[in-house]
Structure formats: structure tokens, C-alpha cells
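Before any comments, here is the structure.
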Amino acid sequence: MKRPTMTDRTEEDRDGKAAIPGLPRAGDPCAPGCPITTEALQLDLGPDAAAVLAGSELLPGVPQPIARRTTYFDSSGGDLAAAGFTLRIREQGGDRQQILQAPGAPPGLFALPEWRREVAGDRPVLDDSMPVPALLGIRAQDLGPIFALATQRRLWTLAWEGATIRLVLDQGDVTADGRRAALCSLGLELLDGPPATLFSLARRLDAIAPLRLGLLDEAGRGFLLRGPLRRMHKAAPVALTRDMTAGDSFRRIAAACLLQFRLNEPLIDRANPEAVHQARVALRRLRSALSIFRPMLRDETAGRLAEECRWLAATLGEARDLDVLRARDEAVALLARIEPAREAAYGRAQAALASRRARLLMIDLAEYLAIGPWLALPAAAESRDMAAREFAAAALDRLRRKVRKGGADLAELPDPARHEVRKDAKKLRYAAEFFAPLFPEKRRRRRAARFLDALEALQDRMGALNDLATAPALITRLGLQDDPATAVLAGHADKRVLIEAAAEAHDAFADAKRFWR
């Protein structure tokens with residue numbers, strides 16, 4: 001088994017096929033796209049926070065709860081999901097409505113194309129007015145329930161800063177394959193007025209009770225529960241298509257990073273070290289996206305958001321570094337001395353995640369993607385409206401040149417300069433993973449796999465060097481510098497051997513063909 005390192009060299013599977021368990025794969029029509037809209041904002045909260053909000057003076061009146069039950073259907077082979085469709089029957093007040101939603105409908109919103117009809121029973125009614133029989137053929141007979149949601153819904157309509165906003169509070173549970181998960185979400189739906197009011201209201205509500213950005217609709221929650229139980233979530237390939245603009249691709253990429261972070265955030269615990277690692281990876285990928293798309297993000301907000309992501313990632317990084325140190329077999333004798341520092345680091349990480357600063361960062365990021373100033377900057381219009389594939393090729397060329405030039409004399413560089421090459425290589429790897437779906441041709445896919453292999457090998461070698469350079473500072477910070485046993489933590493490898501291996505990996509990377517040209 002490869003030794004873990006403090007440099008996060010194994011964030012994603014090398015083949016780029018890590019996926020959110022239970023959800024359709026990125027690239028499928030119903031895969032999670034950009035769940036950031038200007039019509040609605042989804043927020044997650046706990047039952048205590050829901051009770052505080054419902055009883056606050058800000059929300060007018062005491063609405064009567066509405067009982068709702070929604071059952072989702074698919075074949076045993078998941079044929080509808082694979083084709084990008086969701087089929088559900090929703091029961092409310094004794095009435096049942098069947099809803100078939102087709103590819104392209106944004107998550108969390110009812111949008112065409114979709115088919116609705118009243119039904120009398122608990123089973124879907126299929127006819128030639130909808131595409132399911134033609135799509136599935138005889139397999140349509142195999143349709144059955146795959147998960148269900150039972151909720152109590154409360155509605156408020158609020159006048160806020162010149163807008164009219166409906167608040168939808170759903171509480172209940174999701175059941176799938178014998179599992180059950182609580183559901184508590186607050187939807188803000190813009191009925192009239194400027195979209196910015198959705199986000200200002202979310203901040204006001206968070207001041208009353210803690211809220212978190214929600215990025216899974218009810219179908220997403222069901223698919224997630226139905227999939228294998230996971231203790232962490234790796235980055236999924238981003239569903240980019242060749243007809244997108246660069247601005248579209250930025251939104252999709254950043255939203256995917258947000259989703260990865262939010263999926264891992266509730267799993268973070270010192271008994272589950274991989275969740276903090278993947279949450280940190282998500283933030284680093286998001287910061288890389290903000291940097292890669294800088295030509296179109298020429299506003300001060302982008303810089304502020306990047307710095308806030310840096311703060312949160314650094315806080316999580318303290319716990320991650322100690323997880324890596326603790327995982328080294330040779331460090332068993334030091335566990336008793338490392339563990340208090342690790343426990344304190346996790347305490348700081350969880351306090352940061354629970355802070356209003358972190359909660360508002362997620363809302364700020366969602367607002368930036370939906371209506372940020374970058375969307376209206378005349379100076380950035382050319383980059384923003386460029387074809388995503390063209391923008392990607394230029395960005396990858398730029399980053400590749402930087403890594404090739406920076407590491408050309410790798411053996412002669414001081415440690416800080418090698419560290420910069422390592423960071424540039426990581427950013428290039430993220431960019432290559434982000435943009436690879438834009439180049440789906442078979443020959444380009446093979447080149448992309450080889451290119452990413454070469455980058456990973458370079459990161460492995462550079463990471464080992466970085467561990468050697470940074471270990472003494474970590475040991476000193478822990479107060480272990482006088483313990484003879486700490487020698488193993490600094491590593492036994494000869495620095496010159498590591499430098500030579502890194503230089504060879506850089507040469508191999510420099511020779512790898514570009515998959516985007």
C-alpha cells in the first residue's frame with residue numbers, strides 16, 4: 001500500500017471516474033449539473049434550527065403543515081436514471097400526481113420538458129403520450145419503487161427588500177433499500193423581484209438559526225441513500241459539453257467543487273480521516289478553478305472568495321497533516337504524543353465549519369456563481385463567451401508551459417521553488433481533470449489518461465520532496481524535536497535520490513502529448 005503523504009497526492013482516482021455513489025454518472029443527462037439558479041435557493045438545517053425559524057417574528061403566521069409522500073420509480077437496472085429521466089408519484093391531500101421529468105430540467109426546479117397527470121393508484125400509468133414505453137420497451141413492465149420521501153411541508157410568503165419570496169420548509173425522512181435518513185430543508189423561491197434578495201434573505205435567516213447551502217434536490221437525496229454507504233466522497237467528473245461557453249463551464253466546475261465539499265462536510269470526524277481530506281481537496285479544486293478562470297473573473301469578489309477558501313482549507317489542513325503523520329506505521333511509539341494535537345486540530349476544524357463565517361462563505365459562493373459581477377463585466381465578455389473547448393485549450397497550454405519551464409532545472413532549484421512547481425503541477429492536474437470531458441474523442445481520451453498518469457507520477461515525486469522539506473517544521477510545532485523517535489517522521493530517503501526521481505518524472509511529463517491539441 002502506498003504510504004500516505006501530507007501533500008494530498010491521491011485526491012482522485014487516476015482514471016477520473018470517481019463518482020457520487022448512487023447518483024447518475026457525470027455526463028449522463030440527469031447527472032448533477034449546476035444546481036445554482038436565480039429562481040430558487042436550497043438550504044439545509046437541523047430540526048432545532050427549523051423550530052427557531054418557524055417561531056421567529058420574521059416569518060408571518062403559523063401555516064398548517066401539509067403532508068406529502070413522494071415515491072420514485074425505475075427499473076431494476078436503473079434504465080430511467082441512465083437515460084436521464086425521473087418518474088415519481090406525489091400524494092398530497094388525497095390526490096396523486098404522476099410526474100415524469102426529462103433530461104435538461106435543472107435540479108430542484110420543475111421545468112419543461114416534463115409530463116404530469118393525475119393517477120388513482122400507487123403505480124405509474126404509462127401510455128404513448130410519454131416517452132417511457134418507447135424508451136424502455138418491455139422493460140417498462142419492470143418499473144418499481146426505488147425510494148420514497150415522507151414530509152410535512154410548511155409555506156410562508158414574505159415581502160423582502162422589494163421582492164416576494166416563498167419559503168418552503170420540508171421536514172421528514174427519505175427511505176431506500178431499508179435505510180432511512182432524516183430530511184430537513186428550507187427552499188427560498190423567488191416569486192417576484194431581484195435574485196439578489198434570495199441570498200440576502202438567506203443571510204438574515206442564518207442570523208436567526210444556522211443554515212447551510214443545500215445542493216441536493218429530493219431525487220439526489222434518494223439516490224445518495226440508495227447507493228453504497230460511503231465515509232467520504234471523491235470528486236466526480238464534471239458534466240461539460242462541447243456546446244458550452246467558458247462561462248458555463250466555470251459555473252459547472254465550481255458547482256461540482258461545492259457539491260463535493262458539502263457532501264463531505266457532515267462526515268468530518270477524527271474517526272473518519274478521509275472525509276476531511278476530501279473536503280479539503282474540494283476547496284483546493286475550487287480555488288484552482290477561480291485561478292484558472294481568472295481572465296473572466298476580474299472583480300474583487302473572486303479574490304475575497306479565494307482567500308476565504310484558503311482560510312477554511314488551511315484549517316482543515318492542520319487535521320489532515322496530523323492524520324498523515326499518525327498513519328505512518330513507524331510512528332506508533334509517538335501516537336500518545338500526537339493524538340492530543342490531532343484532537344485539538346479536529347476541534348478547530350469542526351468549530352470553523354460550524355462558524356457563521358464558513359456558512360456564509362458557501363452562500364456567498366452560490367451567489368457569485370448565480371449572479372456575480374463577473375457575468376456583466378464588459379472587459380471579460382470575450383473570455384466569458386468563448387467556446388469552453390477553446391478556453392480550455394488555452395488554459396491548459398498556459399499551465400503546461402509554466403510547469404515545464406518551472407521544473408526545467410529541477411535538480412538545481414531551492415526547496416521553495418520546487419514547492420511552487422509542485423503547486424503548479426497540481427493546478428494543471430485539476431485543470432486537465434476539469435476539462436477532459438470537453439475532448440471525448442477516443443484518441444484524445446487515451447492521451448488524457450497518459451497525460452494524467454505522467455502528472456501523477458510527477459506529483460508523487462514532488463510530494464515526497466515536499467514532505468522531506470516540511471517535516472521538521474511540523475515536528476517542531478508539535479514539540480517533538482527532542483524525541484529520538486521523530487527521526488522516522490522526517491523520512492529516511494536520501495534527498496538527492498528523490499530529486500533525481502523528480503527530475504526524471506518531470507522529463508516524462510514534458511514528453512507527454514497534449515490531449516487538447
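Nothing in this text is a laboratory measurement; each read-out follows from the coordinates by a stated rule. Small disclaimer: the values here were computed from a predicted structure and weren't measured. All Cβ positions, glycine included, derive from the backbone under ideal geometry; neighbour counts span all protein chains shown.
Assorted remarks:
- Between 0 and 90°, nearest 10: helix 388-406 axis offset from the chain longest Cα axis: 20 degrees
- Among residues other than residue 196 with Cβ under 10 Å from its Cβ, the summed charge is -2 (Lys and Arg +1, Asp and Glu -1).
- Neighbourhood net charge (14 Å Cβ-Cβ; Lys/Arg +1, Asp/Glu -1) for residue 127: +1
- Database remark: amide H of residue 183 closer than 5 angstrom to the amide H of 172, 173, 174 (H placed geometrically; neighbours at sequence offset of 5 or more, or on other chains; Pro and chain starts carry no H).
- Distance (nanometres) between label positions extended 7 Å along Cα→Cβ at residue 402 and residue 517: 1.8 nm
- Model label sites at residue 394 and residue 381, defined 7 Å from Cα along the beta-carbon direction, differ in position by 1.6 nm.
- Ordered by the number of other Cβ atoms lying within 10 Å of each residue's own Cβ, fewest first, 281, 125, 324 fall into the sequence 125, 324, 281.
- Gain in span if fully extended, residue 155 to residue 449, counting 0.36 nm per residue against the direct Cα distance: 100.9 nm
- Identified option (computed Cα Rg over 2.2 N^0.38 Å; candidates (1) 1.04; (2) 0.95; (3) 0.99): (1)
- Close amide-amide hydrogen proximity is noted between residue 78 and no other residue 5 or more places distant or on a separate chain, at a cut-off under 5 Å (H modeled in the peptide plane; Pro and chain starts excluded).
- Whether region 387-511 is rounded, prolate or oblate, judged on the alpha carbon gyration tensor where a/c under 1.5 counts as rounded: prolate
- Gyration tensor verdict on region 331-404 (Cα atoms; rounded if a/c is under 1.5, prolate if a/b is larger than b/c, oblate otherwise): oblate
- Interchain or long-range residues, amide H under 5 Å from residue 407's placed H: none
- Loop sites in region 375-449: GluC sites (Glu not before Pro), DSSP, at most 10 other Cβ within 10 Å: 441
- Couplings 3J(HN,Hα) for region 288-303, derived from phi with the Karplus relation 6.51 cos²θ - 1.76 cosθ + 1.60 (θ = phi - 60°), are 5, 4, 4, 6, 4, 9, 4, x, 9, 10, 9, 10, 5, 4, 4, x Hz, where x marks Gly and Pro.
- HN-Hα J in Hz across region 500-517 - Karplus 6.51, -1.76, 1.60, θ = phi - 60°, x for Gly and Pro: 5, 5, 5, 5, 5, 5, 5, 4, 5, 4, 4, 8, 5, 6, 6, 7, 9, 10
- For region 445-451, Karplus couplings with θ = phi - 60° (6.51, -1.76, 1.60), whole Hz, Gly/Pro x: 5, 5, 5, 4, 4, 5, 5
- Count of Lys pairs (Cα-Cα under 16 Å; at least 8 positions apart or interchain) in region 387-511: 6
- Part-to-part distance (alpha-carbon centres) for region 168-218 and region 34-101, which is given in Å: 10 Å
- Whether region 379-421 is rounded, prolate or oblate, judged on the alpha carbon gyration tensor where a/c under 1.5 counts as rounded: prolate
- If you take all other residues with their beta carbon under 12 Å from the beta carbon of residue 152, and give Lys and Arg +1 and Asp and Glu -1, the sum is +2.
- Axis of helix 246-264 versus longest Cα principal axis of the chain: the two differ by about 90°, to the nearest ten degrees.
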